[in-house]
1. Set the Förster radius R0 to 25 Å, insert the Cβ-Cβ distance between Ala109 and Lys194 as r into 1/(1 + (r/R0)^6), and round the FRET efficiency to 0.05.
2. Find how much the distance from Ile243 to Gln284 grows on full extension, using 0.36 nm per residue of separation minus their present alpha carbon separation; answer in nm with one decimal.
3. For the pair Leu326 and Gln184, what calculated FRET efficiency results from E = 1/(1 + (r/R0)^6), where r is the Cβ-Cβ distance and R0 = 35 Å, to the nearest 0.05?
4. Convert 37 °C to kelvin, take the viscosity as 0.692 mPa s, use the Kirkwood radius over C-alpha pairs of the range 100-143 as Rh, and evaluate the Stokes-Einstein diffusion coefficient in µm²/s, rounded to a whole number.
5. With viscosity set to 1.567 mPa s at 4 °C, what whole-number translational diffusion coefficient in µm²/s follows for the range 221-291 from Stokes-Einstein and a Kirkwood radius over Cα pairs?
6. One quarter of the convex hull surface, Cα atoms only: what value does that give for the range 178-298 in nm²?
7. Please sort 38-44, 282-288 by packing, taking for each peptide the average over its residues of neighbouring beta carbons within 10 angstrom, highest first.
8. Determine the gain in length on full extension of the stretch Ile135-Lys308; use 0.36 nm per residue of separation and subtract their C-alpha separation, reporting nm with one decimal.
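What follows is calculated from the coordinates using simple rules that are stated; it is not laboratory data. In this text the structure is predicted, and so the values were computed from the model without any measurement. Positions of Cβ are backbone-derived with ideal geometry, glycine not excepted, and every protein chain shown enters the neighbour counts.
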Amino acid sequence: MTSSKPRYRNILVFVQRLMYTPQGKRRILQFCLICFMLSLSMICFHRIVTHPRFHTNDEKSHFEKSRTIVIVIGSLRGGEVTWKTMYKNLLDANDADLALVIGENPKKASSMYQRAKYIHEFKEYDDWAEALDQINGTSWRKTIYPYVNVTPNPKKYWSFFLGGVGQIGGSGAIHFMARYYVEQLINKEHLLEKYDRFIVTRSDHYYMCKHDLSLYDNKYIWIPKHEDYFGICDRHVMANSTIIMKVLDVLPHLINNVEQYNPELRRGYFKYMDPESFLKYYWQKQGILPWIRRANRCQFTVKSNEDKTRGSTGVGHSIDENIQSLGLTIKYTPEFYATECHCKKGWAYSSANWKDQKRGWCLPRNFFTKVLYRVQ
């Protein structure tokens, strides 16, 4: 015991010299600087060796050589001008196949029908409650419907995740039922055995530049940045074959496992949900959120003069003269500005509030812009 006291005393003297002498403070500063530089070097090295651009052809197979199918859901909107950008910058650029899961359409002469390898048409309902009955009968009308918004007044409640059912506004139920029909197509055509990557998207996306899938690791679920509306964007999703069914199984899981949602239903939690909020809530409940990554925007949503929509009707032609000359209207300005920022400059777009339709900031991606301006 007596021999240990001098040792402890020597340690205390050493620490005091480090902390209270100029030479000791200088050594501490040097040590911290060395640790910082080593950490920074390790981070940079990890980013380099894991980036697909720095891999050999064999190593890049996980990123580039996956068999890809693009599944367009909903209604055919946007017109031929818009679809040509998808053919060029998404399908042809990634050697991907096309499938259509859309409402019954008498105009089958469009290029979409000619290009599609798989086509599944579903009935368009006046009341989409009839469609929900296909999942597991009419039990949901007693266990779920009474607890969600049934008033057509959007100022009173925000619940549009069942939009299209009864008097509920919006198109949430239509969108989620389209995902249910995608599941049916996948099972019918055995697509899980034929493809490694699935992209579920809309037909009215205008692709300003190449959507390079080799930059996105297929083990994650990729969602475009922005347009989250207190949840997560539901207009475009990229997922692999092992998880795509879980990603799509939104309404069926709610209806078939309603007991898991009873606490939230009875508290009136669902009365304030839009489709984006409910999608995030479902993915969080299924443990999917940790696998979500955000992709740079190569596309934005447009509306042609012939389109019919339940949602946004467009926000003016004056944003971009080139889009105006094509007879298209930009529906969501943050999407357009984020796409323009990424495609033309390779920078990141930082929007203000989601309600603000004014231009945000196009900034280079670095540590300071991420902290100060929340650049993604």
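1. On the way: r = 27 Å, r/R0 = 1.09.
Calculated value: 0.35.
2. Working: separation 41, 0.36 × 41 = 14.76 nm, distance 1.40 nm.
Separation in residues times 0.36 nm, less the Cα-Cα distance, equals 13.4 nm.
3. Working: r = 35 Å, r/R0 = 0.99.
The formula returns an efficiency of 0.50 here.
4. Values: Rh = 12.5 Å.
After rounding, the answer is 263 µm²/s.
5. 101 µm²/s
6. On the way: hull surface 33.0 nm².
Averaging across all directions leaves 8.3 nm² for the Cα convex hull.
7. Working: 38-44: 10.0, 282-288: 16.0.
The peptides rank, most packed first, as 282-288, 38-44.
8. Numbers: separation 173, 0.36 × 173 = 62.28 nm, distance 2.69 nm.
Contour length minus Cα-Cα distance gives 59.6 nm.
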